[in-house]
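One structure is given below, encoded as structure tokens.
The values are calculated or read from the model by the stated rules, or taken from the named source; none is laboratory data. Treat the numbers as computed from the prediction; the structure is a model and nothing was measured. Backbone-built Cβ (ideal geometry, glycine too); neighbour counts: all protein chains shown. Surface accessibility is based on the protein's heavy atoms, side chains included, excluding ligands, DNA and RNA. Shrake-Rupley method; radii C 1.70, N 1.55, O 1.52, S 1.80 Å.
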Amino acid sequence: AQRVTQPEKLLSVFKGAPVELKCNYSYSGSPELFWYVQYSRQRLQLLLRHISRESIKGFTADLNKGETSFHLKKPFAQEEDSAMYYCALNGPTNFGNEKLTFGTGTRLTIIP
Amino acid sequence: NAGVMQNPRHLVRRRGQEARLRCSPMKGHSHVYWYRQLPEEGLKFMVYLQKENIIDESGMPKERFSAEFPKEGPSILRIQQVVRGDSAAYFCASSPPMSAEENEKLFFGSGTQLSVL
């Protein structure tokens, strides 16, 4: 069964400090991993996906198959990073069907 | 492009009533997904539809819940005889055809918050 675990419900970080949002998954094959973000009063939107291997808004995430993790990182937090972050997984058997399994989310608050 | 439109934003029902949630996908998108978010939980997949077809309903409760995406008009998630446990945020998402090259595959609506009294 697919499962995504985000162990931290809340995370507070000072502005300028590094940020790491943890995500672990369980899946028997090779999944596709995503990070979604929801800013205050806005819709859930894609932040990044592991396949694209790019940095968005200074955030990066590396898929570690050995540790089954996909932690989201940013070296220097900014106030506008305050939001709800969701890690999500899509198994390749669902290719063409974007049936994502979401974690419970982490609310990131950046302290000025 | 107005994005994925869901209405109503908030819906209040008494136990036993019916709830109808609407979702209009983004222009050019023919795939619709419904997700439910219970309090303190992550979004959970309910159903995946294409026009006039239910492709995957593995996340739908066996009773009282149904979904449709007619040839014309929005997708409808229908909950009959609502109970308090149905209170949740219901999110719709749409995606373009598989042939389209878009980095972001799923576009979410703002959700409908259903409250059952």
Summed over the other residues with a beta carbon less than 13 angstrom from that of B:Leu38, with K and R at +1 and D and E at -1, the charge totals 0
With a point put 7 Å past each Cα toward its Cβ, work out how far B:Lys62 is from B:Gln81 in nm, to one decimal. 1.4 nm
Rank B:Tyr90, B:Trp34, A:Tyr27 by how far each Cα sits towards the positive end of the charge dipole of the protein assembly as shown (+1 on Lys, Arg Cβ; -1 on Asp, Glu Cβ) and give me just the farthest. B:Tyr90
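Say R0 is 25 Å: what FRET efficiency, to the nearest 0.05, do A:Gln78 and B:Ile55 get from their beta-carbon distance?
For R0 = 25 Å, the calculated efficiency reads 0.05.
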Once you charge only the Cβ atoms, +1 for Lys and Arg and -1 for Asp and Glu, what is the size of the charge dipole of chain A about its Cα centre, to the nearest 20 debye? 160 debye
Report the Cys residues of the protein assembly as shown lacking a disulfide-compatible partner, meaning no second Cys Cβ under 4.7 Å from their Cβ. none
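Quote the FRET efficiency, to the nearest 0.05, computed for B:Ser30 versus B:Gln113 with a Förster distance R0 of 25 Å and r equal to the Cβ-Cβ distance.
Numbers: r = 27 Å, r/R0 = 1.07.
Approximately 0.40, to the nearest 0.05.
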Under unit Cβ charges (Lys, Arg +1; Asp, Glu -1), what dipole magnitude, rounded to 20 debye, does chain B have relative to its Cα centre? 560 debye
So the pair-distance distribution of chain A, from every Cα-Cα distance in 5 Å bins, comes to percents of 2, 13, 24, 25, 20, 10, 5, 2, 0
Net charge near B:Leu117: determine it from the other residues with C-beta under 13 Å of the C-beta of B:Leu117, scoring Lys and Arg +1 and Asp and Glu -1. +3
How far is it, in nm, from the label point at B:Arg20 to the one at A:Ser26 when both lie 7 Å from their Cα along the line to the Cβ? 4.1 nm
Of B:Gln81, A:Val37, A:Thr109, farthest towards positive along the dipole that unit charges on Lys, Arg, Asp, Glu beta carbons give the protein assembly as shown: B:Gln81
Interface buried area A-B, accessible surface with 1.4 Å probe, both sides summed, nearest 100 Å², comes to 2000 Å²
Nothing charged except the Cβ atoms of Lys and Arg (+1) and of Asp and Glu (-1): what's the magnitude of the dipole of the protein assembly as shown about its Cα centre? Round to the nearest 20 debye. 680 debye
